[in-house]
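All remarks here apply to the structure that follows.
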Amino acid sequence: MSPLSNIASWVNSPGLNWSQIIISLSTAKFIFMSYMNIRQLGVLQRGKPPKTLEAEAMQAAYDKSRAYSLDKIKCSIAFDIWLYCDSLIYIKFNVYLALWQASAYASSVLPGSAKGEITQSVLLAAIELLAHNLIILPFMYYRDFYLEEKHDFNNSTSSQWLIDKSKESLILLVIHSALIAGTLKVVELAEDLFIWYTWLFISIFIIVVGTLYPYLILPLFYKSKPLGLGKLKDSIDSLAHKNGFPLANVNVVNGSKTSSHTSAFFTGFPWSKHIFLYDTMVDKFEVEETTAVLAHEIGHWALNHMLIQSVYLQLRVLLILSAFSLFYRNPYLYSSFGFNHTPVYVKFGIFCYILTPMNCALQFMSNVLSRKHEYEADAYAVNQSYREHTATALVKNYKNNGGVLDAHWLYSAYHHSHPLLHERLQAIKQVSHKIK
Ligand SMILES: [Zn+2]
């Protein structure tokens, strides 16, 4: 017997108390998250920046970032407690079954041809999304209108915020519904080979949505216009030319409409790339600093980081689907949530609770990969002779975004996809020494 079939026969045995196992997994995750939050709280209360930042005369920025991070972490402690209680209620009171019955009621008004498991699953997902949004809405409002406002990051108004949140939910609902309906159809058609076909479908879906995002979704929230002729445009054009980067155009996004955080990214097809710069960055950064930020972004492209991340994401989806196949025909798991005949979408929803430890491990791995790429892209920009401006742009970026300047190692390993500022400055120094 292979190790996989051993696991399969163990998880499918009748003696397991699944309700208790899932509560234990949720509790373990809650304890783990709380432990990390408390350790991080301890680091932030220390009040002294890391050594490298002392040299950068960053005490004022550190104090500001510390006050912002302290408020944020207190908010996330309350949020974690709230989510934990929510998941306990879900498990203890068979909320899934009640929601499935509610979706059956909602689908009963539809014409006969539209009824069926797929439609009902899409309706269930819509009800879940609505319920989840209502649960987290008070936290979102507090975060954006008390916390961000207090630290001078919020530029939005209540009505703008409500419009944006409604738009976000609607778009999410459309994408989510298309993904669920498509996936369930593939599962239905592929039968026993569903892992491979579902994997293929989800991988294509992620690539298509990711590529179309700046063209279809971003314009619904922000307006962008081409960057005008001038020193910055010349500098970006010559950087792209030097690196053989297939630049189609550079756009400035009115990010300052909602927030004063700074950002830049690029997207597009392999033969035609579009750079997006937030107006906050164009206003606050020197031309050389913005160019250094883009040299870092072009570094991600030249070193194939997007391709590697995409392969990693696809492997992650495959791993999750393979794990799901072990539980797919487990009657004991689903009956502990009150189901006799369990629809595929509900099976996956319940399975996600079991996935908790694996998801935590994958989160650490994703961050290791992403941090490695950040160091490599910084080194790429330094090698393009932007050593000084990569460093000053980083410092400005952290100052403008109130980025975390100090963190407990475990908290950082779990929560931060980017290395801390002092780690990046240190690495830039080392790369510069090597070049000399
Ligand atoms: Zn980067």
Computed on Cα atoms, Rg of the range 1-103 relative to 2.2 N^0.38 Å comes out at 1.69
Roll a 1.4 Å probe over the protein heavy atoms and report the accessible area of I81 in Å², nearest 10.
-> 80 Å²
In terms of solvent-accessible area of protein heavy atoms at a 1.4 angstrom probe, what is the ranking of F269, F285, highest value first?
-> F269, F285
Could you please state, rounded to a whole Å, how far the C-alpha centre of the range 177-202 is from the C-alpha centre of the range 79-94?
-> 29 Å
Given the protein chains as shown and a 1.4 Å probe, how many square angstrom of K48 are accessible, to the nearest 10?
-> 120 Å²
Relative packing of peptides 64-75, 396-407 - highest average C-beta neighbours within 10 Å first | 396-407, 64-75
How large is the charge dipole for the chain, taken about the Cα centre, if only the Cβ atoms of Lys, Arg (+1) and Asp, Glu (-1) carry charge, to the nearest 20 debye?
-> 440 debye
Does the range 244-299 come out rounded, prolate or oblate, given a ≥ b ≥ c as the square roots of the eigenvalues of its C-alpha gyration tensor, rounded meaning a/c under 1.5 and, failing that, prolate meaning a/b above b/c?
-> oblate
Using only helices, what value at 222 nm comes out for the chain when you add -39,500 (n - 2.57) per DSSP H run of length 4 or more and divide by the total residues, to the nearest 500 deg cm²/dmol?
-> -23500 deg cm²/dmol
Take each of the peptides 420-428, 185-193, 314-322, average the number of other beta-carbon atoms within 10 Å over its residues, and list them starting from the highest.
-> 420-428, 314-322, 185-193
For the range 181-267, what is the relative contact order in percent, using Cα pairs closer than 8 Å and at least 6 residues apart in sequence?
-> 24 percent
Short version: ³J(HN,Hα) in whole Hz for each residue of the range 394-404, in order, from phi by Karplus 6.51 cos²θ - 1.76 cosθ + 1.60 (θ = phi - 60°), x for Gly and Pro, what are they?
-> 4, 4, 4, 4, 5, 5, 5, 9, x, x, 5
Cross-link partners of K242 among lysines (Cα-Cα below 18 Å; sequence separation of 8 or more within a chain) | K231, K233, K273
Taking the convex hull of Cα positions in the chain, its mean projected area over all directions (nm²) | 24.1 nm²
Which value, in Å² rounded to 10, gives the accessible area of F139 with a 1.4 Å probe and all protein chains present?
-> 40 Å²
Largest to smallest accessible area among M140, M281 [probe 1.4 Å] = M140, M281
Cα gyration tensor shape for the range 330-436, rounded if a/c is under 1.5, else prolate or oblate = prolate
Under the definition of Cα pairs under 8 Å and six or more residues apart, what whole-number percent is the relative contact order of the chain?
-> 22 percent
So, relative contact order of the range 1-149 in percent, Cα under 8 Å, 6 or more apart, is 24 percent
What are the lysines whose alpha-carbon lies under 23 Å from the alpha-carbon of K150, with same-chain residues fewer than 8 places away excluded?
-> K48, K64, K72, K74, K165, K257, K284, K396, K399
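The values are calculated or read from the model by the stated rules, or taken from the named source; none is laboratory data. What you see is a predicted model, and the numbers here were worked out from it, not measured in a lab. Quick reminder, even Gly has a Cβ in these numbers, built from the backbone with ideal geometry, and neighbours come from all protein chains shown. Surface areas here come from the heavy atoms of the whole protein model, side chains and all, with no ligands, DNA or RNA. Shrake-Rupley method; radii C 1.70, N 1.55, O 1.52, S 1.80 Å.
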